[in-house]
Structure formats: C-alpha cells, structure tokens
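Since the structure comes first, as structure tokens, the remarks are kept for the end.
The values are calculated or read from the model by the stated rules, or taken from the named source; none is laboratory data. Values in this document were obtained by computation on a predicted structure and should not be read as measured data. Methodologically, a virtual Cβ is constructed for each residue, glycine included, from the backbone with ideal geometry; neighbour enumeration extends over all protein chains shown.
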Amino acid sequence: MKKSTLLKYLEFAAHCDLKAKDYKVLLYLLSDLLTMEKIMINQNTTAEELGLTKSDVSKALRRLEKNKILYFDWLSERKKSIGLVEHDDDELDELIAEKIEEKVSLLDEWEY
C-alpha cells in the first residue's frame, strides 16, 4: 500500500465515530494488514498485548467493520479472518467527504 493511501485510511478513520480503543486496535492490526491481505488474530492475545479487555477488542473490531475499515471472512462459527477494506484514493476521498458532510448536517440541525 502506498504511503498516501495509508494516510487517507487514517484520515478516514479520524472522521468516523471511533473510540480511542478502536484506534489502538486498528493501529495494532495495520502492521500486519499492510503486508498481508488477511490476518487471523486471537482476541485474548490482542487484548493482553494492548492492555484492553477481550470485550473491548471485540467491540472495536465491530465498529471498524461497521465503518467499512475492516471486513471479516468467517471461516467457521467462531473463527474469522480480518482484512482491510480495499478503497482506492478516490473512494477514500469520497468517504471522507461523506463523513464531513454528515458532521456539517448535524451541526446545521443543532443551530435550528
């Protein structure tokens, strides 16, 4: 992945309604996702390494999926692989613009 694309992913994530724990999990996973298409993680191990609970990791993964940053391929009822949703630079620009427009419209609603 190009550095500019990675920066756009991070900019997009910054415009999503994510929590600090979500960013912590995303940055942890990015080190592997930049070199591999999909990865498998153990949520308990990830939680331990990040100083989070397993529940925190699980919720973070769900929020990252909901915001179209990560996707899951279910291998079985309890196992899944995780990948970074592929967006090109133009798609990321559009997604960032949509997130900004959502926030602006919320601000407009508060003014009235």
Residue pairs meeting the criteria (Cβ under 7 Å; at least 6 apart or on separate chains; first polar (S, T, N, Q), in the stretch 68-85; second surrounded by fewer than 16 Cβ atoms within 10 Å (Cβ to Cβ)):
SER81/LYS38; SER81/ILE39; SER81/MET40; SER81/ASP73; SER81/LEU75
Search the stretch 87-98 for residues that are more than 12 Å from ASN67 (Cα to Cα) and pair each with any residue that is small (Gly, Ala, Ser) and in a helix (DSSP H, G or I) when their beta-carbon atoms are under 8 Å apart and the residues are at least 6 apart or on different chains.
ASP89/SER4
For the stretch 97-112, what are the residues that are closer than 27 Å to LEU6 by Cβ, over 19 Å from the mean Cα position of the chain (by Cα) and not acidic (Asp, Glu)?
VAL104
Output for the stretch 1-49, where each listed residue is within 26 Å of GLU101 (Cβ to Cβ) and of a type in the set (S, T, N, Q):
SER4, THR5
Going through the stretch 28-52 one residue at a time, which ones are at pLDDT below 95 and within 11 Å of the chain's Cα centre (by Cα)?
LEU30
Please work out which one of (1) in a loop (DSSP other than H, G, I, E, B); (2) hydrophobic (A, V, I, L, M, F, W, C); (3) modelled with pLDDT under 95 is the condition PHE12 fails and give its number.
(1)
Report yes if MET40 is under 12 Å from GLY83 (Cβ atoms) and free of Cβ contacts under 8 Å to residues at least 24 places away in the same chain, otherwise no.
no
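Looking only at the stretch 67-96, count every residue that is basic (Lys, Arg) and within 12 Å of the chain's Cα centre (by Cα) and tell me the total.
First pass over the stretch 67-96, keeping only residues basic (Lys, Arg): 68, 78-80.
With the extra rule that they be within 12 Å of the chain's Cα centre (by Cα), the set shrinks to 68.
So the answer is 1.
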